[in-house]
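What follows draws every value from the coordinates through simple rules; no lab data is involved. If you're wondering where the values come from, they're calculated on a predicted model, not measured in any experiment. With ideal geometry, Cβ positions are generated from the backbone for all residues, glycine too; neighbour counts draw on all protein chains shown.
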Amino acid sequence: METLFFLIISFVAIISAILVVTCKNPINSALSLIMTFFCLATYYVMLDAPFMAAVQVMVYAGAIMVLMVFTIMLLNIRVDASKKHSHKIVFSSIIGFFTFVNLAYVLFKSRVAVPTGPYSADMIKQVGHTELIGKEMFTNFLLPFEITSILLLVAIVGAVILAKKKI
Amino acid sequence: MGIEILGLPMMYYIAMVAKVLVAFVFVLLTVAYATYAERKIIGHMQVRLGPMRTGWHGLLQPIADGVKLFFKEEIIPSQASTFAFLVAPLIALIPAFITFAVIPFGGVIEVAGYKIPLQIAAYYDTAAGQVYDINVGVLYILAMSSLGVYGIVLAGWASNSKYSLMGGLRASAQMISYELAAGLAIISVFMLSGTLSLNKIVALQSGFGGFEWYLFKQPLAAFMFFICSLAEINRTPFDLPEAETELVSGFCTEYSSMKYAMFFMAEYANMVTVCALTATLFLGGWNGPLTAAFPLLGPVYFVAKVYFLMFVCMWIRATLPRYRYDQLMHLGWKVFIPVALVNIVVTGIIGYFI
């Protein structure tokens with residue numbers, strides 16, 4: 001049952017990921033990208049990480065992509081602006097081929113043996129995913145969390161300075 | 001217990017399908033009759049009668065409207081971006097409806113020895129003896145409501161008309177800013193409850209004849225959440241995206257027939273969602289007297305609370321004039337967000353000492 005579900009979601013994810021790069025209209029590409037994010041969120045749910053799934057939809061699909069769509073709309077990129085560039089196709093297909101070889105090698109040759117930590121699926125079900133993430137974030141990972149928040153603060157101040165004419 | 005499919009009893013599937021069907025048919029009917037109720041209530045508040053001709057006191061009006069819209073000619077503007085134009089109403093409508101999957105509308109009922117929690121995305125674990133629902137219910141609702149903005153933005157852009165584009169831009173700016181404020185407003189509720197699961201939040205508000213409601217512990221948060229949600233779903237007094245006097249009909253100017261009806265339904269479904277969420281978070285959800293003895297009273301109380309809040313929405317619409325755009329942005333960014341942040345800090349300090 002879960003495998004079948006996984007296959008369906010993967011099918012949609014791959015189709016929409018292909019559409020992201022093949023669509024002529026940038027808005028349709030953006031829509032396909034949102035669909036891909038949605039499929040990724042579904043994977044998180046299947047991996048017993050509902051918090052990650054919700055954040056994935058909220059942050060990526062709900063916030064970042066809205067900004068992207070906004071930008072595309074306001075710039076009003078013409079559909080006919082995307083001409084064919086043959087040398088780009090050759091170059092990118094070489095890169096794509098090597099990436100494929102690399103990924104195939106990793107998939108078939110490597111033994112993925114993840115050390116099992118204290119957080120099993122049962123524990124996540126009992127305590128709750130959000131609670132576990134919160135506890136870890138504010139105890140063991142407090143310093144990275146604070147550094148990230150300072151980084152964001154700097155970015156906010158920068159944005160305000162850029163947007164304001166008179167400071 | 002009886003037949004099992006893929007490790008789950010047959011009753012599980014029957015109960016799931018039944019819950020989905022009942023909840024969605026009920027929401028659809030509510031949406032249809034909310035349009036009628038709105039016209040009737042506003043009519044009476046303005047000393048008019050409202051719809052009177054179709055059926056007894058106009059009771060068949062929603063059906064007549066539906067039939068009319070269904071048979072209208074479907075127009076796709078020739079300069080429109082066809083794909084985006086076609087999917088925009090769907091993107092607006094679907095998030096509005098699937099939100100109901102996580103809202104608990106009743107306690108646990110027992111049918112033929114099988115316990116069913118009245119919440120779509122939940123199941124009763126007989127071994128643990130408790131209901132498990134989606135752990136991040138509220139985040140799920142916030143995530144879905146943040147997707148609704150795409151429908152409106154795309155509709156505005158794809159129509160290739162200046163009124164639509166202006167409406168779409170206004171709507172998206174408004175929805176993004178008020179989403180933030182609404183999200184910040186309800187954080188203080190989670191600080192009190194310590195969980196994001198809606199089922200547990202409802203359970204925490206039971207007892208003491210309604211005085212455990214978060215409305216009394218977090219009146220400011222309740223007020224702000226309701227107002228911000230009204231702005232987020234573009235209801236009056238914040239319905240600038242479809243300000244008739246300036247923008248014809250805003251983002252859905254170019255739409256006709258069923259696609260227009262879909263936007264209309266999305267608007268009312270969003271209203272039902274917001275009222276249901278407010279009732280769940282602040283008014284105790286399905287809690288009420290005698291729910292322990294008669295579990296079927298739970299849905300009745302829940303529906304009563306939701307309908308009361310919807311009446312408040314319509315009342316506001318009949319009473320208040322529309323905001324100006326700069327006032328709206330000022331209210332969102334410079335009043336609600338700072339007040340919500342202060343509310344979080346105050347809740348944290350009080351919670352630390354109690």
Per 20 angstrom bin, beginning at 0 and ending with the bin that holds the maximum distance, the Cα pairs of chain B fall in percents of 28, 56, 16, 0
Taking only C-alpha pairs under 8 Å that are 6+ residues apart, what is the relative contact order of the stretch A:1-79 in percent?
28 percent
Work out from phi, with θ = phi - 60° and the Karplus expression 6.51 cos²θ - 1.76 cosθ + 1.60, the ³J(HN,Hα) of each residue of the stretch B:197-207, listed in order in whole Hz, and give x for Gly and Pro.
7, 5, 4, 6, 4, 5, 4, 5, 9, 7, x
Let me have the relative contact order for the stretch B:206-354, percent, based on Cα pairs under 8 Å that are six or more residues apart.
31 percent
Packing-based ranking, highest mean first, of A:95-104, B:287-296, B:26-35, A:28-37 given that Cβ atoms within 10 Å are counted
A:28-37, B:26-35, B:287-296, A:95-104
For labels at A:Lys88 and B:Leu69 in the simple 7 Å Cα→Cβ model, what's the distance in nm?
4.2 nm
What are the ³J(HN,Hα) couplings of the stretch A:48-61, residue after residue, when phi is run through the Karplus curve with 6.51, -1.76, 1.60 and θ = phi - 60°? Round to Hz, x for glycine and proline.
6, 10, x, 5, 4, 4, 5, 5, 4, 5, 5, 7, 6, 6
Within 10 Å of each Cβ in peptide A:51-57, how many partner chain Cβ atoms are there on average? Round it to a whole number, please.
5
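Is there a simple number for the mean count of other chain Cβ atoms within 10 Å of the Cβ of residues in B:188-200, and what is it?
1
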Based on the Cα coordinates of the stretch A:1-79, what is the per residue volume of their convex hull in Å³?
62 Å³
Pull up all non-local amide H partners of B:Ile116: gap of 5 or more, or a different chain, and H-to-H distance under 5 Å with H placed in the peptide plane.
B:Ile109, B:Glu110, B:Val111
Where the centre of each part is set by its Cα atoms, how far does the stretch A:123-157 sit from the stretch B:102-175, in angstrom?
25 Å
Percent relative contact order for chain B, counting Cα pairs under 8 Å at least six residues apart, stands at 22 percent
For the stretch B:244-352, how big is Rg over Rh, using alpha carbon atoms and the Kirkwood form of Rh?
1.08
Could you give each residue of the stretch B:314-327 its phi-based ³J(HN,Hα) in whole Hz, using Karplus coefficients 6.51, -1.76, 1.60 with θ = phi - 60°, and x for Gly or Pro?
5, 4, 4, 4, 6, 9, 9, x, 6, 6, 8, 5, 5, 5
Rg (Å, one decimal) plus Dmax (Å, integer) for the alpha carbons of the protein assembly as shown?
24.7, 78
